1. Could you count how many residues in region 171-229 are among the polar types (S, T, N, Q) and without any contact (Cβ under 8 Å) to a residue 12 or more places away in the chain?
2. What do you reckon, is Ser165 among the hydroxyl-bearing types (Ser, Thr, Tyr) and touching a His at 6+ places or on another chain (Cβ under 9 Å)?
3. Would you confirm whether or not region 144-164 contains a residue that is assigned to a loop (DSSP other than H, G, I, E, B) and either open to solvent by less than 40 Å² (accessible area, probe 1.4 Å) or within 16 Å of ligand 1 (Cβ to nearest atom) (or both)?
4. Any idea which residue in region 25-81 is least open to solvent (accessible area, probe 1.4 Å), counting only those that are outside any loop (DSSP other than H, G, I, E, B) and of a type in the set (Ser, Thr, Tyr)?
5. For the structure I just gave you, tell me whether Arg176 is in a loop (DSSP other than H, G, I, E, B), under 18 Å from Lys146 (Cα atoms) and open to solvent by 10 Å² or more (accessible area, probe 1.4 Å).
Amino acid sequence: MSELTSTRIRDAAERLGLTHLPDHASDLVARAEAEQLGYFDFLDLVLGEEVELREQRRFRNALKLSGLPHHKTLAEFDYAFQPGLEPRKIKDLATLEFIDARSNIALLGPPGVGKTHLAIALAVAACQAGHSIYFTSLDDLVRKLKIAEATGRFNKQLNALLRPSVLVVDEVGYLRLEREEANMFFQLISRRYERGTMIITSNKSFNEWGAVLGDDILATAILDRLLHHCEVLAINGPSYRLRNRMNLIPGSDMTS
Ligand code: ADP
Ligand code: MG
């Protein structure tokens with residue numbers, strides 16, 4: 001390849017935002033020669049590599065901005081440990097149809113049963129499929145909204161929380177909310193209702209939400225919207241965190 005051609009390819013690739021081609025043009029051509037690729041196959045190879053790399057970059061950046069505390073996948077989830085949870089239900093959810101339907105998922109159960117793991121894994125799968133995602137604990141969510149309110153940016157902050165296709169709100173019920181905080185949560189739920197998916201995890205059953213949110217009427221209004229289109233998964237098995245230490249916990253009996 002002449003110096004001139006190589007410079008022209010580099011310039012054109014740069015202007016088109018193709019990042020892989022400039023440094024790999026020679027490798028790609030060598031590969032095409034070795035595999036005796038036709039012209040169309042060569043074009044397919046060049047564009048395919050570029051798309052693949054761009055996709056990987058998008059996924060990595062989206063994960064960085066997603067607020068996810070760590071990366072978990074559905075493949076890492078051990079269903080045998082949680083026999084009360086039907087694997088088929090999770091596999092159905094893994095098709096991600098709930099996102100297009102703008103319906104919600106509620107994962108309920110005591111600590112350590114894998115609620116956050118499943119919420120993260122579904123969010124990661126959604127991100128991989130090209131959906132925008134955001135993860136927050138309810139506590140952080142409320143804190144952010146309160147700061148925004150105090151600085152006159154409440155609507156802006158609320159709008160930011162309406163943008164992602166999938167919003168995970170983790171740990172509803174660990175901390176009680178003040179009335180004003182519960183009201184902010186209600187505003188979020190009612191604005192996202194039928195517009196975007198939420199995945200909620202909670203260690204409290206729905207009939208305890210009134211106490212958590214400090215107001216039965218508000219809790220009913222929140223649950224009314226949240227549960228209208230919602231897959232509820234109650235996981236009531238043992239804690240995975242304590243799987244090797246159950247004998248140390250008073251009253252626990254793994255053999256029953
Ligand atoms: P929860 O949110 O219900 O309190 P987590 O999802 O945080 O529980 O799970 C606690 C830890 O145990 C995490 O590291 C998670 O990856 C792991 N874990 C929980 N359940 C399972 C499971 N069935 N298979 C594999 N890992 C699990
Ligand atoms: Mg959790």
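1. 2
2. Working: among the hydroxyl-bearing types (Ser, Thr, Tyr): yes; touching a His at 6+ places or on another chain (Cβ under 9 Å): yes.
So Ser165 passes the test.
3. Pass one, region 144-164, residues assigned to a loop (DSSP other than H, G, I, E, B): 151-153, 163-164.
Still in the list and also either open to solvent by less than 40 Å² (accessible area, probe 1.4 Å) or within 16 Å of ligand 1 (Cβ to nearest atom) (or both): 164.
Taking every residue of region 144-164 in turn, at least one turns out to be assigned to a loop (DSSP other than H, G, I, E, B) and either open to solvent by less than 40 Å² (accessible area, probe 1.4 Å) or within 16 Å of ligand 1 (Cβ to nearest atom) (or both).
4. Tyr79
5. yes
The values are calculated or read from the model by the stated rules, or taken from the named source; none is laboratory data. Keep in mind the model is a prediction, meaning the values are calculated, not measured. FYI the Cβ positions are ideal-geometry reconstructions off the backbone, even for glycines, and counts take in every protein chain you see. To get the accessible areas, we keep the full protein, side chains included, count just its heavy atoms, and leave off ligands, DNA and RNA. Shrake-Rupley method; radii C 1.70, N 1.55, O 1.52, S 1.80 Å.
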